[in-house]
Amino acid sequence: METFAQQIILGLVNGMVFALIALGYTMVYGILELINFAHGDLFMLASFLALTLVGMLGLDAASSGASLAIAIPGIIVICVVFAGGLNWVVDRLVYRPLRGAPKLAPLVSAIGVSFMFMNLGLFWGGLPMDVFGHGTAAAAPKGFPDLLPGTNLLGDSSLRITVKDLVVVLSSLAVMLGLFLFVTRTRLGKAMRATAQNPTAARLMGIDVDRVIGATFLMGGALAGFAAVIYGLYINTIHFQMGYQNGLYAFTAAVLGGIGNIPGAVLGGLVIGLLRALSDQYVGAQWQQAVLFGILIAILVFRPQGLFGSTAREKV
Amino acid sequence: MAGQKKGAAAGSGRRRPAWLRLEVVIVPLLLLYPFFPVLDQLVQAVFDTSLRLDRQLVNIFIFAILALALNLQVGYAGLLQLGIAAFFAIGAFSTGILTVGKYPFQIGFWGALVAAPALAGTAGLALGAPTIRLRGDYLAIVTLGFGEVTRVVLLNLENITDGSRGLNPLPSPWLPDWLTSAAAGDATGRMHFLAMYYVALLLLAGLVIVFRTLERTRQGREFVALREDELATACMGINPARTKLIAFAAGAAIAGLAGALYATNLTTTAEPNTYDFTYSIMVLCCVIIGGLGSLRGVLLGAAVLLTFDNVLSPLLTNLIQRHLAGGGSGHVLTSFTNWRWLIFGLALVLMMRLRPEGLWPSSRVKAELHHKQEEP
């Protein structure tokens, strides 16, 4: 029973990270109907930037609380700006010229961008810095210093909810709440929803659709940048190929929640996190991918509108 | 409309004199190449390597068969398939299980050449039947997921597939006695190579002829009509789901055939991680770079990609590292192989932007793409 409870906690905290990445997929898909394959790799690049900054600032597990309290938010801001900006630039240079083209074109381009990012991650891992394990292979997994305290909040209980877990959950929830308020309360958010519903009608109402799409990429990227720092701090290992797998899990989460549906993506992320933790515990970690992708296929076949969504059925 | 279609089917190459047509030159050259490997000696002398171009040609043939399979699904029928490696792997592993000495089946290479496509085609049918009705990008994700599930299952069913070691050794093709004795004295490696070379080349040529014919038959036109406009096709009384399923299963079967050849050529099924998502994407790359729905284009794409990967990139790595004399030999940037995803990715992006119809397009796809771009 205790193992089960522990796996639930682990799954929910992991699920937060998936949810943050899934939001980027779902927002872009909601507007462009484009599966942004490069999103997972953008997340990976941002985590490499975070690790680079950690190395430059010389932070490690022994750093004082005060310096961490200043440095970590700073790293988050830089990574958020980097990932958001990069996603915006990619949209501007790669996807925007293809707006009128058949749907295959931007999808294939996204796969291309994904591979370019993955390759850049490989090169990045070869930087001559201590945090990148100078001397070890560029392709090797990189250790991310364990900066957040692992103190158990439940005292001596063998069930563990650590300060680290709490920081991850609370900060993710705050970011998601901010996003939700932005989309429902601001003018740009309203424009986003309008564009997602019907781009042509939105354009006729005087909305600058290209600007809205740019803003969507910016925000999706920013969320990935935030998720990247959180992931590094929580999982403590990053790898240049992790974007692909985490991206697919997050995409599964987005599909699970009904793609294009923002609260759905968050719920989907939590469900994927839980399923992953439980399948690792009770089925075996080596079957993780088979279980999750099996679920993905089953959802797409039986409930393509997602578990929680009831979006209008696509015509033809 | 009718006139445009006729023009597309005829193609521009047909007005050239017969002796100038490409296949008339290339096919005899390829048939004779194993006995006069001139380029091999040249490359080995110039670059000072042991690289064998004739061995790479076998890989190109097999890869081209795989690319033709994907072209049937993506290029003709417009089904975005991101897990072709799964069917390739199913072909390879069923060949392994059916021929390797560990199991009682041992049906030999020719038996496997029939059984592997049948099994892969069945798998395609089983996956396609419930999922083929899904919208384009959902189908892409289903096939991607299937690819990963297949790889993980093959990796984890260790007592059947030997896990990460892969099944081996696979038997060589059995050939008639007069052929074997004609090359008597040669090492068995040479016999294996020659058998694989000609089997792969003939199968590839056969498939090219089949596809060429298909383009002019009712079935082939149904595929293309489906790609161009599903609604209109359905209105003409064609069942879209059934037609898509035929394309999907047939493509899967041909990928299985390529898998059987691949495993036999290597004499091992290789580890399941070989058949991962990046492999599927590499096949997609060569279909797209060559030209979706264009036979010539896909063959060109397969040749270009494998030449880059297996010939150019090791040669360049060799050159770079020799000229950097010791100093940076271990660095990640100096191995040209490490640049391949950057280059493939860039190629995909640039192709989509500048020449979405591919290097050597089919005139119909070209017309379709440019027509659509003018629309909005």
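Only residues that are in contact with a Lys or Arg (Cβ under 9 Å, 6 or more places away or on another chain) and of a type in the set (Asp, Glu) were counted across the stretch A:138-194, and they come to 1.
Scanning the stretch A:83-111 for residues that are in contact (Cβ under 8 Å) with a residue 24 or more places away in the chain, facing another protein chain (nearest Cβ under 7 Å) and farther than 12 Å from residue A:36 by Cβ yields one hit, A:103. When residue B:292 is tested against (1) assigned to a helix (DSSP H, G or I); (2) touching an Asp or Glu at 6+ places or on another chain (Cβ under 8 Å); (3) of a type outside the set (Ser, Thr, Tyr), only condition (1) is not met. Of the residues screened, residue B:199 is not one that is farther than 22 Å from residue B:52 by Cα and either modelled with pLDDT of 90 or more or polar (S, T, N, Q) (or both). Residues of the stretch B:141-162 that are more than 7 Å from every other protein chain (Cβ to nearest Cβ) and either buried (at least 16 other Cβ atoms within 10 Å of the Cβ) or not in a helix (DSSP H, G or I) (or both): B:143, B:144, B:147, B:150, B:151, B:154, B:155, B:157, B:161, B:162.
Once the stretch B:348-376 is narrowed to residues that are surrounded by fewer than 19 Cβ atoms within 10 Å (Cβ to Cβ) and at pLDDT 85 or above, the residue that is farthest from the other protein chains (Cβ to nearest Cβ) is B:360. Contact map, the stretch B:119-135: first residue closer than 15 Å to residue B:74 by Cβ, second residue hydroxyl-bearing (Ser, Thr, Tyr) and surrounded by fewer than 24 Cβ atoms within 10 Å (Cβ to Cβ), Cβ cut-off under 7 Å, separation 6 or more or different chains; the map is empty.
If the condition is being surrounded by fewer than 18 Cβ atoms within 10 Å (Cβ to Cβ) and at pLDDT below 85, then the stretch B:336-347 contributes only B:337.
For the criterion of being more than 9 Å from chain A (Cβ to nearest Cβ), buried (at least 18 other Cβ atoms within 10 Å of the Cβ), of a type in the set (S, T, N, Q) and under 27 Å from residue B:90 (Cα atoms), residue B:280 passes.
Applying the set (1) crowded, with 21+ Cβ neighbours inside 10 Å; (2) within 14 Å of chain B (Cβ to nearest Cβ) to residue A:200 leaves exactly one unmet item: (1). Taken together, the criteria place residue A:103 among residues that are modelled with pLDDT under 90, touching a helix residue (DSSP H, G or I) at 6+ places or on another chain (Cβ under 8 Å) and either closer than 21 Å to residue A:229 by Cβ or not polar (S, T, N, Q) (or both). For residues that are more than 9 Å from every other protein chain (Cβ to nearest Cβ) and not in a helix (DSSP H, G or I), scanning just the stretch A:115-134, find the one that is nearest to residue A:59 (Cα to Cα). Here the residue is A:129. Quick check on residue A:272: is it surrounded by 24 or more Cβ atoms within 10 Å (Cβ to Cβ), farther than 15 Å from residue A:30 by Cα and within 14 Å of chain B (Cβ to nearest Cβ)? Here the answer is yes, as residue A:272 does meet what is asked. In summary, residue B:302 fulfils each of the numbered conditions (1) outside any helix (DSSP H, G or I); (2) at pLDDT 90 or above with the single exception of condition (1).
Within the stretch B:114-131, take every residue that is more than 9 Å from chain A (Cβ to nearest Cβ) and surrounded by fewer than 21 Cβ atoms within 10 Å (Cβ to Cβ) and give me the one that is nearest to residue B:239 (Cα to Cα). That would be B:129. Please return the ranges of helices (runs of 4 or more DSSP H) entirely within the stretch A:164-236 where 3 or more residues are of a type in the set (Val, Ile, Thr) and within 26 Å of residue A:89 (Cβ to Cβ). By residue number, A:209-235. Of the residues that sit in the stretch B:27-63 and are farther than 20 Å from residue B:286 by Cα and β-branched (Val, Ile, Thr), which one is nearest to the chain's Cα centre (by Cα)? Once the filter is applied, the top-ranked residue is B:27. Residues in the stretch A:19-32: is at least one farther than 23 Å from residue A:271 by Cα and out of contact with any Ser or Thr (no Cβ under 6 Å at 6 or more places or on another chain)? Scanning the stretch A:19-32 turns up at least one residue that is farther than 23 Å from residue A:271 by Cα and out of contact with any Ser or Thr (no Cβ under 6 Å at 6 or more places or on another chain). When the criteria are applied in full, residue B:299 meets the requirement of being hydrophobic (A, V, I, L, M, F, W, C) and over 20 Å from residue B:353 (Cβ atoms).
Criterion applied to A:69, A:62, A:22 was being among the hydrophobic types (A, V, I, L, M, F, W, C) and in a loop (DSSP other than H, G, I, E, B), and the one residue passing it is A:62.
Within the stretch A:112-149, the set of residues being without any contact (Cβ under 8 Å) to a residue 24 or more places away in the chain and β-branched (Val, Ile, Thr) comprises just one member, A:136.
For the stretch B:126-140, name all the residues that are in a helix (DSSP H, G or I), of a type outside the set (Phe, Trp, Tyr), out of contact with any Asp or Glu (no Cβ under 8 Å at 6 or more places or on another chain) and under 19 Å from residue A:36 (Cα atoms). Within the stretch B:126-140, B:136, B:139, B:140 qualify.
The values are calculated or read from the model by the stated rules, or taken from the named source; none is laboratory data. Since the model is a prediction, treat every value here as computed from it, not as a measurement. Cβ sites come from the backbone with ideal geometry, for glycine too, and all protein chains shown count toward neighbours.
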